[in-house]
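Computed from the coordinates by the stated procedures, all read-outs in this text should not be read as laboratory data. Since the model is a prediction, treat every value here as computed from it, not as a measurement. With ideal geometry, Cβ positions are generated from the backbone for all residues, glycine too; neighbour counts draw on all protein chains shown.
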Amino acid sequence: MPTLKGSCLCGKVSFELAHAFDKMFLCSCDQCRQITGSAFASNLFIAADGFNWLAGNDDIVTYQMPARDISKSFCRVCGSGVPWSSSDGTGMIVPAGTLQGEPEVADKVRIFVAEQPLWSSNLEKIAAHQGFPIKG
């Protein structure tokens, strides 16, 4: 089976996984927006047996929200979000932006759209640039 690699921004934490994602959730719930600092979290889901840490396991810090099944793992050096284990340990949740390559996903779903902020709606109508816009 083909594999993909991923890492945090500084490269201290790295991993490899089977290129077999069941689903991708683009979640706009209040908690995911707060924990990512973005309009939505882009998380991929994979079976734990298809995932392997390559380096940096000791550099991972995990925050578990009290009384909720919400957690976030990140590199203690650069702060980038990194994969974490599902609460039952059978799966891994992988932030899509950590992958070094384009994931193929069977099912992409936007969830908690009722909590999506207005500023992140209709993105196709906002000017797009290949890099920083040219000052003028």
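Mean-square fluctuations from a GNM of the chain, with a 10 angstrom spring cutoff on Cα atoms, peak among P95, P66, P117 at P66.
For region 83-136, the list of trypsin sites (Lys or Arg not before Pro) that fall in a loop by DSSP and count at most 15 other C-beta atoms within 10 angstrom reads K135. Helix content alone sets the calculated 222 nm mean residue ellipticity of the chain: runs of n ≥ 4 DSSP H residues at -39500 (n - 2.57) each, divided across all residues, give -1500 deg cm²/dmol. Divide the volume of the convex hull around the Cα atoms of the chain by the residue count and you get 144 Å³ per residue. Working note: Karplus 6.51/-1.76/1.60 with θ = phi - 60° gives region 60-77 the couplings 9, 10, 10, 9, 10, 5, x, 6, 9, 8, 10, 9, 8, 10, 8, 6, 5, 7 Hz, where Gly and Pro are set to x.
Annotation: amide H of W84 within the under-5 Å range of I93, sequence separation 5 or more or interchain, hydrogens built in the peptide plane. Mean separation of Cα pairs under 8 Å and 6 or more residues apart, divided by the residue count, gives the chain a relative contact order of 31 percent.
Spacing of the modelled spin labels on D30 and W119, each 7 Å from Cα toward Cβ, amounts to 1.7 nm. When both bridge partners sit in region 3-118, DSSP labels roughly 85% of those beta bridges antiparallel. Of A18, A114, A39, which is the most mobile in a GNM of the chain whose springs link Cα atoms less than 10 angstrom apart? So, out of A18, A114, A39, the one fluctuating most is A114.
For region 30-50, backbone nitrogen atoms closer than 17 Å to the point 7 Å from I70 Cα along Cα-to-C-beta are found at 30-43.
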